[in-house]
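Heads up: the structure comes next, in structure tokens.
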Amino acid sequence: MDIGFTEEQELLRDTARRFFEAECPTKFVRERMATPEAMTDAFWAKLAEQGWLGIVYPEEFGGSGLGMVDVVVLMEEMGRAVMPGPFFASVLLGGAAIGEAGSPAQREHWLPRVAAGGAKAALAWTEPNLRWDAAGIMMTAREAGGGFRLSGSKLFVPDAHLADVLVVAARTRDGASLEDGVSLFLVPKGAGGVSVSVLPTIDETRKLCEVRFEDVALGREALLGEAHQGWAPLARVLDRAIVALCAEMCGGAQRVLDMTAEYAKIRIAFGKPIGSYQGVKHKAADMLVDLENARSLTYYAAWALDEAPQEAPLAVSMAKAYASDAYRKVAGAGIQLHGGIGFTWEHDLQLYFKRARASEVAFGDAAWHRERVARLVGA
Amino acid sequence: MDFADSLEEAAFRAEFRRWLEQNLPPEICVDDAQDQRVAPDRETLEQRIAWQRRMNAAGWVGIAWPKEYGGRGAGPMQQAIYNEEYARARAPILPAASGLNLLGPTLIHWGTDAQKAQHLPRILNADELWCQGFSEPGAGGDLAGLRTRAVDAGEHFIVNGQKVWTSGAHFADWCFLLVRTDPEAPKHHGISYLLVDMKTPGVEVRPLVLLNGHRHFNEVFFTDVAVPKENLVGPLNQGWKVAITTLMFERSGAGGRDHALQIARLFELAKQLPSRQEPAWNDSHIRQQLAQLAIDAKALQVTRLRSLTRRLRGEPPGPEGSILKLFGSELAVRISDFAATLLGPYATIEAETEAVPDAARWFHRVLGARQYTIAGGTSEIQRNIIGERVLGLPKG
């Protein structure tokens, strides 16, 4: 038993940290978040160069073929930097869905292009119903003329406006259970009947979109993998994305804690640094406890996804429930301990606070995941 | 990263588990080892002493001690596996626990050969039971403020003073005692560490009864107690350093391991007990609370393993160690608070009932959980330590 990282993973961490310190200072984050892309082509190319756009794809498709524990290392650094842009949406959602569900031809067509930075993907699966399970897939795709027609709308889709290809989950039949009957489709950019609008969101570093489908015609070849069998691969993509998000949240929380501890050492009030007061000190200690526990659960979930898949669903939900609360609490406490300046636009805490709020609810909030934990443990 | 046992670890685990299955008498098993760590009467004490001697004869006591002192030189991972299996078997905490976990390692580090030869084998075989004479009425969290005085009287020290919260003193044969030998020196620099035979004239033990009726603790009064000079551990007036060794061992063992079992039982009870018209399990609020307890227990378990990994890799201790005692004890309070809401009046009676056969155990958990956020360094002190030593914040 060894709950630590390998030398290669520590090297990845060092490389990533130095990369983001150089290429993604918060000045860059603020500039990018004011734009629809939240990204520059040059930065995207650098991510590709590092091999990170293909981090989870098999080497035969130009990826690095790494596992979740490696991803967790990278994501902590991305979270620490509040890296903007469609990395998560393209690499860990859209591209990952193609990797998980696609035919060899589909994977061969898309994965190398995503990994090389030439194409971006996105995943449209959530709808206005606020569900994070198969029951939330209510949009339909009916068979017509040898192909399919998609009708309905998707909401809260990360970075759909930047995608060259959208992976869309829709119900192709009423199955014996809610998981049965979901299919995944590849919808190329510019497909007729698809309209994408970017929503103004709390976290502008990663845009969320509404995507409407008005009787969108797709050929048979647009089907990703097997008809009606799309939920299982989608669920696997989502579980891995959740753990990646948890790791990103831990990295952000650590940065908030670092900033807060630094401030508490230098900010003087009533003749002493505020960190010497127990009220401040104890709040900071609680931030550390929350963060370290969130890390522990994230690491365990990452390992389970790689090595103990039967333990993974419970581990994933435990991590997301805990991290959702932890990042919110840490970011909030960080602002509290900074006093007034913590709430300004100018101070960087706002970037983390907003990322925490967005991440808290993505893929299911703490209450959603606690329910899943209760059902799994109590079964 | 690997959460699974290695082949050696798995073999060790299986070996100890099998030995326990074959040798642990069911009548001495307990549900809450920590809460039931001090034998409630002499008969139980004798049973546990016999048990420790059986374990010792088979080489299962003090496994982390070096071989030359009767241990196996087992590493931290084996010790962790040993602790897990021991807890899983519901075995009672050994009567010589203070000696095994606190004094023994301290003597191994600081003791003279004569002290080691006299005491270590007896600790292993429960021939000597020890109590810890550290806290005083005026020196709890601020231990270095202690005032029990030891005066040099030639061949002996003469000790006068009072200790409090002395667990097991009523059964103990010996006491490891912190005394002030130089009242003129700054408080951390005038302390010495003595070994005191509890049968020495002038030692008086008075029971301290807790609000749950437990009689674990005592006040111990020292009136002109003569302690031979060869019972000094470490250099004169440098006993604080020796005490730090003891405290480090105490801290590393803390945090509790019963949580997962208790939480599992609460899941069961939620399905059986009513909340309004239906099983409590049907109430989503109940499920949310149960889930959070399960999540917290898992987080604690993994954080403990991360801390262990650092030790195994020889890395300097990270923040995980400080967190364990704080989070573990506060989780125990949350478990007991939830149990109180779930069980309602069942948790207020110390009796077996048809609906809740283990109501008496829950009675004690609900009543007792608040001890552990205080004992062994209060939560407030733990937060100070995290803030100061881990985050580098200035002292108040």
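The values are calculated or read from the model by the stated rules, or taken from the named source; none is laboratory data. The structure presented is a predicted model; accordingly, all values stated were derived computationally and were not measured. Don't worry about glycine lacking a Cβ; one is built from the backbone with ideal geometry, like all the others, and counts go over all protein chains shown.
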Note: among A:Thr205, A:Thr172, A:Thr201, just one is farther than 30 Å from A:Pro84 by Cβ, surrounded by 15 or more Cβ atoms within 10 Å (Cβ to Cβ) and among the β-branched types (Val, Ile, Thr), namely A:Thr172
Exception for B:Leu7 within (1) within 28 Å of A:Phe5 (Cβ to Cβ); (2) aliphatic (A, V, I, L, M); (3) at pLDDT below 95 falls at (3)
Of the residues in the stretch B:210-269, those that are closer than 30 Å to A:Val373 by Cβ and among the acidic types (Asp, Glu) come to B:Asp258, B:Glu268
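For the stretch A:196-208, check the following and say yes or no: at least one residue is touching a strand residue (DSSP E or B) at 6+ places or on another chain (Cβ under 8 Å) and of a type in the set (Asp, Glu). So that I can check it myself, show each step before the final result.
Residues of the stretch A:196-208 that are touching a strand residue (DSSP E or B) at 6+ places or on another chain (Cβ under 8 Å), as a first pass: A:196-199, A:201, A:206-208.
Adding the requirement that they be of a type in the set (Asp, Glu) leaves none.
No: the stretch A:196-208 contains no residue that is touching a strand residue (DSSP E or B) at 6+ places or on another chain (Cβ under 8 Å) and of a type in the set (Asp, Glu).
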Per the filter on the stretch A:1-43, residues β-branched (Val, Ile, Thr) and free of Cβ contacts under 8 Å to residues at least 40 places away in the same chain are A:Thr6, A:Thr15, A:Thr35, A:Thr40
For this session: Return a yes/no flag: does the stretch B:275-283 have any residue that is basic (Lys, Arg) and either closer than 20 Å to A:Ala285 by Cα or at pLDDT below 90 (or both).
Result: yes
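Residue-wise test of (1) farther than 18 Å from B:Leu211 by Cβ; (2) out of contact with any Phe, Trp or Tyr (no Cβ under 8 Å at 6 or more places or on another chain); (3) aromatic (Phe, Trp, Tyr).
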{"site": "B:Asp337", "(1), (2), (3)": "no, yes, no"}
{"site": "B:Glu354", "(1), (2), (3)": "yes, yes, no"}
{"site": "B:Ala359", "(1), (2), (3)": "yes, no, no"}
{"site": "B:His364", "(1), (2), (3)": "no, yes, no"}
{"site": "B:Tyr372", "(1), (2), (3)": "no, yes, yes"}
{"site": "B:Ala375", "(1), (2), (3)": "no, no, no"}
{"site": "B:Thr378", "(1), (2), (3)": "no, yes, no"}
{"site": "B:Ile381", "(1), (2), (3)": "yes, yes, no"}
{"site": "B:Pro394", "(1), (2), (3)": "yes, yes, no"}
With criteria (1) closer than 30 Å to A:Gly94 by Cα; (2) in contact with a Phe, Trp or Tyr (Cβ under 6 Å, 6 or more places away or on another chain); (3) within 12 Å of chain B (Cβ to nearest Cβ), A:Val289 comes up short on (1)
Scanning the stretch A:41-85 for residues that are within 16 Å of A:Phe5 (Cβ to Cβ), more than 14 Å from chain B (Cβ to nearest Cβ) and of a type in the set (Val, Ile, Thr) gives A:Ile55
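What residue, of A:Val361, A:Val377, is among the β-branched types (Val, Ile, Thr), touching a helix residue (DSSP H, G or I) at 6+ places or on another chain (Cβ under 9 Å) and within 14 Å of chain B (Cβ to nearest Cβ)?
Details: A:Val361 fails: within 14 Å of chain B (Cβ to nearest Cβ).
Of A:Val361, A:Val377, the one residue that is among the β-branched types (Val, Ile, Thr), touching a helix residue (DSSP H, G or I) at 6+ places or on another chain (Cβ under 9 Å) and within 14 Å of chain B (Cβ to nearest Cβ) is A:Val377.
Quick one: which residue in B:Gly111, B:Gly145, B:Gly104, B:Gly154 is within 23 Å of B:Gln34 (Cα to Cα) and either more than 22 Å from the chain's Cα centre (by Cα) or not polar (S, T, N, Q) (or both)?
Values: B:Gly111 fails: within 23 Å of B:Gln34 (Cα to Cα); B:Gly145 fails: within 23 Å of B:Gln34 (Cα to Cα); B:Gly154 fails: within 23 Å of B:Gln34 (Cα to Cα).
Selected residue: B:Gly104, the only one of B:Gly111, B:Gly145, B:Gly104, B:Gly154 that is within 23 Å of B:Gln34 (Cα to Cα) and either more than 22 Å from the chain's Cα centre (by Cα) or not polar (S, T, N, Q) (or both).
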Within the stretch B:274-292, restricting to residues that are in contact with a Lys or Arg (Cβ under 7 Å, 6 or more places away or on another chain) and more than 30 Å from A:Tyr299 (Cβ to Cβ), the one that is nearest to the other protein chains (Cβ to nearest Cβ) is B:Trp281
Selection from the stretch B:19-40 of residues among the acidic types (Asp, Glu) and closer than 29 Å to B:Gly376 by Cβ yields B:Asp31, B:Asp32, B:Asp35
Considering only strands (runs of 3 or more DSSP E) wholly within the stretch B:126-177, the ones with at least 1 residues that are in contact with a Leu (Cβ under 6 Å, 6 or more places away or on another chain) are B:130-133
Picked from the stretch A:263-286 (must be among the aliphatic types (A, V, I, L, M) and closer than 23 Å to B:Glu330 by Cβ), the residue nearest to the other protein chains (Cβ to nearest Cβ) is A:Ala285
With the first residue restricted to the stretch A:294-314 and required to be more than 7 Å from chain B (Cβ to nearest Cβ) and surrounded by fewer than 24 Cβ atoms within 10 Å (Cβ to Cβ), and the second required to be modelled with pLDDT of 95 or more and outside any helix (DSSP H, G or I), Cβ contacts under 6 Å at 6 or more apart or on different chains are A:Ala304/A:Glu311; A:Asp306/A:Gly67
Going through the stretch B:257-273 in order, the residues found to be under 25 Å from the mean Cα position of the chain (by Cα) and either within 12 Å of chain A (Cβ to nearest Cβ) or assigned to a helix (DSSP H, G or I) (or both) are B:His259, B:Ala260, B:Leu261, B:Gln262, B:Ile263, B:Ala264, B:Arg265, B:Leu266
Worksheet item: On the given criteria, is A:Val237 within 25 Å of A:Ala135 (Cβ to Cβ), buried (at least 22 other Cβ atoms within 10 Å of the Cβ) and either in the same structural domain as A:Tyr352 (by TED's automatic domain parsing) or among the acidic types (Asp, Glu) (or both)?
Response: yes
Among the residues of the stretch A:88-99, are any outside any helix (DSSP H, G or I), under 21 Å from the mean Cα position of the chain (by Cα), buried (at least 20 other Cβ atoms within 10 Å of the Cβ) and on the phi < 0 side of the Ramachandran plot? no
When (1) farther than 20 Å from A:Glu292 by Cβ; (2) modelled with pLDDT of 95 or more; (3) surrounded by fewer than 22 Cβ atoms within 10 Å (Cβ to Cβ) are applied to B:Val333, the one that fails is (1)
Residues of the stretch A:117-166 being of a type in the set (Gly, Ala, Ser), within 22 Å of A:Leu47 (Cα to Cα) and not in a strand (DSSP E or B), in sequence order, are A:Gly117, A:Gly118, A:Ala119, A:Ala160, A:Ala163
Taking the stretch A:53-72 and keeping only residues that are outside any loop (DSSP other than H, G, I, E, B) and surrounded by 24 or more Cβ atoms within 10 Å (Cβ to Cβ), one is left with A:Leu53, A:Gly54, A:Met68, A:Val71, A:Val72
Going through the stretch B:178-188 in order, the residues found to be assigned to a strand (DSSP E or B) and without any contact (Cβ under 8 Å) to a residue 60 or more places away in the chain are B:Arg180
Determine whether the stretch B:368-379 contains at least one residue that is over 18 Å from B:Gln36 (Cβ atoms), buried (at least 20 other Cβ atoms within 10 Å of the Cβ) and aliphatic (A, V, I, L, M). no
Among residues of the stretch B:293-311 being of a type in the set (S, T, N, Q) and either within 14 Å of B:Gly321 (Cβ to Cβ) or crowded, with 23+ Cβ neighbours inside 10 Å (or both), the residue farthest from the other protein chains (Cβ to nearest Cβ) is B:Ser307
